Structure formats: structure tokens, C-alpha cells
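First comes the structure, then the notes that go with it.
The values are calculated or read from the model by the stated rules, or taken from the named source; none is laboratory data. Here the structure is a predicted model, which means the values were calculated and not measured. All Cβ positions, even for glycine, are placed from backbone atoms using ideal geometry, and neighbour counts span all protein chains on display.
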Amino acid sequence: MVKVETVSTKPFQGQKPGTSGLRKRVPEFQQEHYTENFIQAVLDGGLGSKKKGAVLVVGGDGRFLSMEAVNVIIKIAAANGVGRLIIGQNGFLSTPAVSNLIRKGFEGKKIDGGIILTASHNPGGPKGDFGIKFNCENGGPAPDAVTNAIYEITTKMSTYSICPDLQCDFTKTGRSEFDVDGVGHFTVDVIDSVKDYVELMQKIFDFGKIKSLISGQLTGKKFEMLIDSMHGATGPYVSTILCDILGVESRGCMRTVPKPDFGGGHPDPNLTYAKHLVEQMSKGEHDFGAAFDGDGVCNYF
């Protein structure tokens, strides 16, 4: 039986999320109670009367502080009566992948929203930025009415509920179940971060034709691509979809391994921060080039 603890706290100034969530410097989020306060406010303001038994998706771009934040979300969600969390393995999911999972549902059940850990194209690392974003049951960003409700709660907060001793391994796929004292049953499903999004792409696009274009079967000449994931969330999706399934050579996909500090770079796909891509494309050896930001929502072609 997992115990619930009520922790005394005080409001922090400036915890006002926009449609892109709450973005602050990492040291701010590392303040005692800071992240806990905001997660409690997200559950109360984002879910309201639907909090008890709610099903939420959790994931992010893998930036610095993400693993710690996922642990906090698990412990606070359990204490607040959330019924189930669906977490990407290692806490990793691109923002479009979270949106897809929310809209798709899980094992035939409706999903009530998602918590995304990202600061989008902002730099990461111990001195970089971190962010927490709430997406609603339609898979889209929370509207002003919801973010205003979350902010209002942050200005008056005096306590939050947490299960401090709850331990859940989200580095391996599988299901963990817990009985929370005085609250009820709590389930955590850790899923493959890429699988559902790949299935969505295969429904939307004709992979057969794209593969024949890339291989040269369609035109008689190989279609050369150069893709830069900037060490952000799109890396595993690019590797699986473009390389493994569609046949793009691995040398055509750069910086596909996600890193907490984005390899020391700035994951903003533009002429400045995707300069290497521009330089390579200018040589005329590739037919198509693209770069993607930290969480996979800003794209540069």
C-alpha cells in the first residue's frame, strides 16, 4: 500500500503557462516545491472534476530534468487519484506523438489529456530551459480558459499531495500497478515511444510510393535526403521511419540521438542553428533537406 503525504508549500510568482506551457530556466524548476506546485495545479486546473480516475499521457523531448520531472508527475498523479498514466519509455515522446496518443485512446479507453515536458526550440542542459505543457482531450494545447485556471491555482496554493515513496521504473516497457492508501488503484503503462506514431504515418502517407522514390525505382535515380534532428525528439522517429522503413541511408540522417543538452546546440531549425544543413545542401548533392526542433513541432525544409 502506497502512502499519501500532504506537503505544505507556498505560491511561486510567475507560474503562468501559455498555450506552449510554462517555460523557465532549469534552476527555477529545481527550486524546492516548484515543479510539484505546478504539476498539482495542472491536475486541478487542467482536469477539474475529471481528475479522479483520469487517464493521461506523459512524455517529452528528453531535455535535462525530464527524468526527474516524470518521477514527480507519477508520484503526484497517484496521490491525486489519477487512474492511469501512459508514459513513453524513458519519459520520451515527441509533441506530435503525444497528441496522436491522446486522440487515439489506449486499449479502447478515452484519454483525458497529456503532460508534455519540453521547452520546444529553446536550448537545454543544466543552464538551459525546461518546460511543462498540458494538452487537452482533443490532443491540442490547453486554451486560455484552462491555462488561466491553472495559473489561478498556482497563486493560491498552500499544499500539494504526493506519494513520496512510490517507485516506478519507466525505463522499460510494461505495466506497473499500485494501491494508493485512501485513494484507490493506480496504473502506469510504459510504452514504446515510436510505435503508435509510425502506425499513424503509415495510415496518412503511401509508404510504398515514398520508398520507391527514395530507392530510385520510381524515377531511375535515387532521391537523396539529408535530415537533421538536432539531437531532439524527432531522432528516433526519423531513424525508424526514414531509415528502417523507407530506406534512407543512415548517413543522410544527422544528430538522431536525443541528448539532454541537445549536444550543446540550440534545437531551433533555422539558417543560424541549422547552418550545417544549409551548407551541405548548397553542395547540390541532395534532393531534399529538413531540420526539426527539440520536440518535433517546428520544421525547416
Going through the stretch 1-33 in order, the residues found to be crowded, with 17+ Cβ neighbours inside 10 Å and in a helix (DSSP H, G or I) are Val26, Phe29
Return yes when Thr171 is farther than 28 Å from His33 by Cα and either assigned to a loop (DSSP other than H, G, I, E, B) or of a type in the set (Lys, Arg) (or both) and no when it is not.
no
Quick one: which of Val238, Val188 is in contact with a strand residue (DSSP E or B) (Cβ under 7 Å, 6 or more places away or on another chain), touching a residue at least 60 places away in the same chain (Cβ under 8 Å) and not in a loop (DSSP other than H, G, I, E, B)?
Val188
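Quick grid of which residues meet (1) farther than 17 Å from Gly139 by Cβ; (2) in the same structural domain as Cys163 (by TED's automatic domain parsing); (3) surrounded by 24 or more Cβ atoms within 10 Å (Cβ to Cβ); (4) among the hydroxyl-bearing types (Ser, Thr, Tyr):
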| site | (1), (2), (3), (4) |
| --- | --- |
| Val82 | yes, yes, yes, no |
| Phe106 | no, yes, no, no |
| Lys110 | no, yes, no, no |
| Ile115 | no, yes, yes, no |
| Gly128 | yes, yes, no, no |
Across the stretch 34-55, what is the number of residues that are under 18 Å from Glu152 (Cβ atoms), buried (at least 22 other Cβ atoms within 10 Å of the Cβ) and free of Cβ contacts under 8 Å to residues at least 60 places away in the same chain?
1
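Please tell me if Thr35 is among the β-branched types (Val, Ile, Thr) and either assigned by TED's automatic domain parsing to the domain that holds Gly264 or touching a Ser or Thr at 6+ places or on another chain (Cβ under 7 Å) (or both).
Against the criterion (among the β-branched types (Val, Ile, Thr) and either assigned by TED's automatic domain parsing to the domain that holds Gly264 or touching a Ser or Thr at 6+ places or on another chain (Cβ under 7 Å) (or both)), Thr35 does not qualify.
Select, from Lys156, Lys133, Lys172, Lys195, the only residue that is of a type outside the set (A, V, I, L, M, F, W, C) and farther than 26 Å from Phe106 by Cα.
Lys156
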Could you check Val248 against (1) over 14 Å from Leu93 (Cα atoms); (2) crowded, with 21+ Cβ neighbours inside 10 Å; (3) within 25 Å of the chain's Cα centre (by Cα) and say which number it fails?
(3)
Going through the stretch 91-113 one residue at a time, which ones are in a strand (DSSP E or B) and under 10 Å from Gly60 (Cβ atoms)?
Gly91, Phe92
Can you name every residue in the stretch 245-286 that is assigned to a helix (DSSP H, G or I), out of contact with any helix residue (DSSP H, G or I) (no Cβ under 9 Å at 6 or more places or on another chain) and under 27 Å from Met201 (Cα atoms)?
Arg251, Phe262, Leu277, Val278, Met281
Do the conditions hold for Gln217, that is, is it touching a helix residue (DSSP H, G or I) at 6+ places or on another chain (Cβ under 9 Å), in a loop (DSSP other than H, G, I, E, B) and not hydroxyl-bearing (Ser, Thr, Tyr)?
yes
